[in-house]
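Let me begin by presenting the structure, written as structure tokens, before commenting on it.
The values are calculated or read from the model by the stated rules, or taken from the named source; none is laboratory data. Computed from a predicted model, the values in this text were never measured in an experiment. Because the Cβ atoms are built from the backbone with ideal geometry, glycine has one as well, and the counts that use them run over all protein chains shown.
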Amino acid sequence: MLDTLSFGFLGGGNMASALIGGLVARGVPAGAIRVADPFPEAQARLARDFGVHTAAAPDAAFAASDVLVLAVKPQQFRDATAPLHDLLQAGGKDPLIISVAAGIRLQDMQRWLGGRTRLVRAMPNTPALSGMGMTGLAAAAGLGERERAIATAVAEAVGQCLWVEDDARIDAVTAISGSGPAYVFYFIEAMQRAATELGLSAEQGRQLAVETFRGAATLAGQSPEPVGTLRERVTSKGGTTYAALTAMEGAGIADAFVRAMHAAAARGAEMGAEFGKD
């Protein structure tokens, strides 16, 4: 499906680069991808790495793409997408538009882009850079099955994806998986610190922590059993794991972790309201 489509990327940063690389790997010709980015360095990097068309700003050819991916920072989204309104109106094309900007709601995109309805809001995460991303997707009302299939294929070019019902659920996705890699890195840092305090080197601590996360996540993904059951199997009464988990429970780590994700979801909703103001 993807190799018959043309793509326009507004923004050429890390997430755009990951998606472009994934699309090219899936058979999309480099000549079918256009990228608009104001920074010459980004243009040169994308042209060198992927052989795609680059320009400083979107033009008529860009707006004529079958799929437009809006990969700009949320605080710059409205200004960056303003030229698209007139270009789309003049060109008469009705592309599928996928936004990966955190906090930008579908209703605001529709308003700013002249009432477009072929819209998808996506929330990928940074493991997309290594082809192991997790992306949450929400569609504007009435989006067709073909458009959903295209958005799914784009997301799966860099990992896995999950459709949710509406914008509010995307705020939850942001809190869990969008921001989630930072939580994992946070715990890896803590494990690395503990390793050095216990006499290991920082490099040894990093390897032990990273591979433990990788292995545990793989086991959880492959096992049909609840994660709680897997945890219990590692936790012998009175053993070392029991001592560690008891210390964590005593410190209220689980509750604090859950509160942190509620805070992330609330901030996502706040960003939507903030950036969506007229």
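Points worth noting:
- Looking only at the range 45-73, and only at residues there that are within 18 Å of Ala155 (Cβ to Cβ) and over 19 Å from the mean Cα position of the chain (by Cα), the one that is surrounded by the most Cβ atoms within 10 Å (Cβ to Cβ): Ser65
- Residues (over 19 Å from the mean Cα position of the chain (by Cα) and either hydrophobic (A, V, I, L, M, F, W, C) or crowded, with 23+ Cβ neighbours inside 10 Å (or both)) located in the range 15-33: Val28, Ala30, Ala32, Ile33
- In the range 207-230, the residues that are farther than 22 Å from Glu189 by Cβ, touching a helix residue (DSSP H, G or I) at 6+ places or on another chain (Cβ under 7 Å) and among the β-branched types (Val, Ile, Thr): Val227
- Against the list (1) among the aromatic types (Phe, Trp, Tyr); (2) over 13 Å from Phe9 (Cβ atoms); (3) without any contact (Cβ under 8 Å) to a residue 60 or more places away in the chain; (4) surrounded by 17 or more Cβ atoms within 10 Å (Cβ to Cβ), the condition Trp163 fails is (4).
- Candidate set from the range 175-200 (those that are small (Gly, Ala, Ser), over 21 Å from the mean Cα position of the chain (by Cα) and within 29 Å of Ala128 (Cβ to Cβ)); member that is surrounded by the fewest Cβ atoms within 10 Å (Cβ to Cβ): Ala190
- Residues that are surrounded by fewer than 23 Cβ atoms within 10 Å (Cβ to Cβ) and outside any loop (DSSP other than H, G, I, E, B) within the range 3-14 comprise Asp3, Thr4, Asn14, listed in sequence order.
- Unique residue being under 19 Å from Gly144 (Cβ atoms), modelled with pLDDT under 95 and surrounded by 15 or more Cβ atoms within 10 Å (Cβ to Cβ) when the list is Leu96, Leu113: Leu113
- Filtered residues of the range 125-141 (kept if of a type in the set (A, V, I, L, M), part of a helix (DSSP H, G or I) and touching a strand residue (DSSP E or B) at 6+ places or on another chain (Cβ under 7 Å)): Ala128
- Tallying residues that are touching a Gly at 6+ places or on another chain (Cβ under 9 Å) and closer than 12 Å to Leu84 by Cα within the range 32-64 yields 7.
- Residue match in the range 160-183 (condition: assigned to a helix (DSSP H, G or I), over 22 Å from Met271 (Cβ atoms) and of a type outside the set (Phe, Trp, Tyr)): no
- Test for Gln76: is it modelled with pLDDT of 90 or more, under 21 Å from the mean Cα position of the chain (by Cα) and either in a loop (DSSP other than H, G, I, E, B) or farther than 25 Å from Ala149 by Cα (or both): yes
Residues are listed down the side, and each one gets a yes or a no for (1) modelled with pLDDT of 95 or more; (2) touching a Ser or Thr at 6+ places or on another chain (Cβ under 8 Å); (3) polar (S, T, N, Q); (4) not assigned by TED's automatic domain parsing to the domain that holds Ala18:
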site: Thr126; (1), (2), (3), (4): yes, no, yes, no
site: Ala141; (1), (2), (3), (4): no, yes, no, no
site: Thr152; (1), (2), (3), (4): yes, no, yes, no
site: Leu200; (1), (2), (3), (4): yes, no, no, yes
site: Ala217; (1), (2), (3), (4): yes, no, no, yes
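- Here Gly31, Gly21 are screened, and the one residue that is closer than 26 Å to Asp94 by Cβ and part of a helix (DSSP H, G or I) is Gly31.
- Residue within the range 128-136 that is in contact with an Asp or Glu (Cβ under 7 Å, 6 or more places away or on another chain) and closer than 22 Å to Gly12 by Cα present: no
- Residue selected from the range 239-270 under the condition closer than 29 Å to Gly103 by Cα and of a type in the set (D, E, K, R), by the criterion surrounded by the most Cβ atoms within 10 Å (Cβ to Cβ): Arg267
- Matching option when the condition is of a type in the set (A, V, I, L, M, F, W, C), part of a helix (DSSP H, G or I) and under 22 Å from the mean Cα position of the chain (by Cα), among Ala42, Ala122, Ala82, Ala90: Ala42
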